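Working notes, beginning with the structure itself.
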Amino acid sequence: RPITSLPTKSSQPSVTAWNCKGASVSTPGGGDYYNPKFSTNDGPVTFNNGTYADYSTSVIGNVSVAWVKDRLAADEPFFAYIAPKAPHIQDGPGWPVALAAPWYKDAFPGVKAPRPPSWNASCPAHHWLVAQQPPMTQEQADRSDALYRSRWLSLLRVDDLVEAVVDAVDGTNTYVVF
């Protein structure tokens, strides 16, 4: 269908809220899992009350769901891009891991990274970058398993967040893309 007229600038949708998680020189990689820092419409905010409420995926989920419910109550069209840090690693020294919500720390006991036939294979006939890699040590394999499990654990809270958004928009004319 051809466009016969364009909306005026005053009638075009615009950004009404901005909550951006700590992407800065001091907090690279999307910020921290705990005590997250955000840039908001009202300036910087840090959640650091020392409870589970300061877990970043929970903060992002709670603020996002409240905002979505406000838009629905006001019968306003909206677009929400919700991007938690999970399952990415926590930046800093040491071996990389994702950090799970404390209430999920005991889930998936014993889960390990998949072990297809190519897992930990030495491939001297491949490209030189691949050929120079020796097989992982036992410590490296154990750390690989720990990273894999930590990502699964951190995704449980993301599942909660997605479920809460879907529940909030249930019965409305709203699309959810995940």
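Within the range 120-173, the ratio Rg/Rh, alpha carbon atoms throughout and Rh by Kirkwood, equals 1.37.
Among the trypsin sites (Lys or Arg not before Pro) within the range 37-111, those in coil by DSSP and having at most 12 neighbouring Cβ atoms inside 10 Å are 105. Taking every Cα-Cα distance in the range 22-178 and sorting them into 10 Å bins starting at zero, the pair-distance distribution P(r) comes out as 9, 29, 29, 19, 10, 3, 0 percent.
Rounded to whole numbers, the Karplus 3J(HN,Hα) couplings from phi for the range 127-135 are 3, 4, 5, 6, 4, 7, 7, x, x Hz, using 6.51 cos²θ - 1.76 cosθ + 1.60 with θ = phi - 60°, and x at Gly and Pro.
All of the numbers you see were taken from the coordinates with simple rules; none came from a lab. On a predicted model such as this, the values are computed, not experimentally measured, just so you know. Glycine gets a Cβ as well: all are built from the backbone with ideal geometry, and neighbour counts include every protein chain shown.
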